[in-house]
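The structure appears right after this line, and notes come after that.
The values are calculated or read from the model by the stated rules, or taken from the named source; none is laboratory data. As the structure is a computational prediction, the values presented were derived from the model and not from experiment. Using ideal geometry, Cβ is built from the backbone for each residue, glycine included, and neighbour counts are taken over all protein chains shown.
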Amino acid sequence: MEQLVGALRAIGEPTRLRILSLLARGELTVSEMVSVLGQSQPRVSRHIKLLASAGIVERLPEGTWVFYRLADHGRGQKIAQSIISLFDENDRIMARDMERLDAVKHARTNAANAYFAGVAKDWEHIRSLHLSEGSVEAALRDVAGKRHFKSMLDIGTGTGRILEVFGKQTDRALGVDLSHEMLNLARLNLERAGLENCSVRHSDLYSLPFESAKFDLVTIHQVLHYIDEPKAALAEAARVLAPGGLVAIVDFAPHQLEFLREQHAHRRLGFTDAEMEDWMSAAGLTTISHQALRPEVSEANEQHLTVKIWTGKRALTPVPEKENA
């Protein structure tokens, strides 16, 4: 009862009600809320701190930035959603807040689009060398089957596209990435797609901030060829996979296109089935399979990339850990 009263007291203030209304429309930083609310940063930070202490909002550190969102579980979520349902959409102050929020989001969109425009040419060149993204996504859906997932993690989410692919097939989907620019772009894409069950956060793929056995679908799409230790990243992905869960990895088969290493920061020029299967087995995954997606190659363009999809499952009964020799 005391916790409930405390949460209601935390919400029961005009500015904090306005903050709830803003966060109901997506994740925001304090500086973005300052722009909308027209109040000082210390004052807005104090309001946010009270809401966070009451479990109404969640704090999501992202490098030097911090995003805030409404709690997505527990009593805090129920209280927030109940209060939000009572808001009057015609309220003059909240209507003005929404106009300012649109301006903030428009600025964010322009920044994200400017970044994407800078890298889009390189991406399009690489995409021209392999099967279309739509075909790869269709194959990825096929390997996942028609199963509905409770929770999904997309590692190295980039633009958030794989979250969009599986957004309607999972109750809750989360993408992680180290790039602030990509995370902002992913937020915009997910908002445009209307996928309120999907979100993104800043995280290191070698040290995921989640307990073990949390997700029943984990995807790693075109990420491993950029990193130094793909085996370690795969082991960490397997750690957070729930019993009966599925890991799906999309990357390239071995190739000789050295310019990808020299010009596009590819650390590895593809992976063999043997090494991927060894890594997956070492991570405790079973029922390992692979599929090759080869583009049509013309004489005019002999350069091409074969996309591979590797999948593995976590046994329903955990395998006992081996003792150190």
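Scanning segment 254-284 for residues that are surrounded by 19 or more Cβ atoms within 10 Å (Cβ to Cβ) and not in a loop (DSSP other than H, G, I, E, B) gives L260, M276, W279, M280. Among all residues of segment 21-33, there is at least one that is under 19 Å from L190 (Cα atoms) and among the acidic types (D, E).
I11 fulfils the conditions (1) touching a Gly at 6+ places or on another chain (Cβ under 9 Å); (2) surrounded by 17 or more Cβ atoms within 10 Å (Cβ to Cβ) except for a single criterion, (1). For segment 18-31, the criterion of a residue being small (G, A, S), crowded, with 16+ Cβ neighbours inside 10 Å, at pLDDT 90 or above and assigned to a helix (DSSP H, G or I) is satisfied by at least one position. When every residue of segment 26-34 is checked against the conditions, none turns out to be over 22 Å from H202 (Cα atoms) and not β-branched (V, I, T). Would segment 86-101 turn up any residue that is at pLDDT below 90 and more than 17 Å from S21 (Cβ to Cβ)? No, the conditions are met nowhere in segment 86-101. Residues that are farther than 17 Å from S199 by Cα, hydrophobic (A, V, I, L, M, F, W, C) and touching a Ser or Thr at 6+ places or on another chain (Cβ under 8 Å) within segment 44-79 comprise just one, V44.
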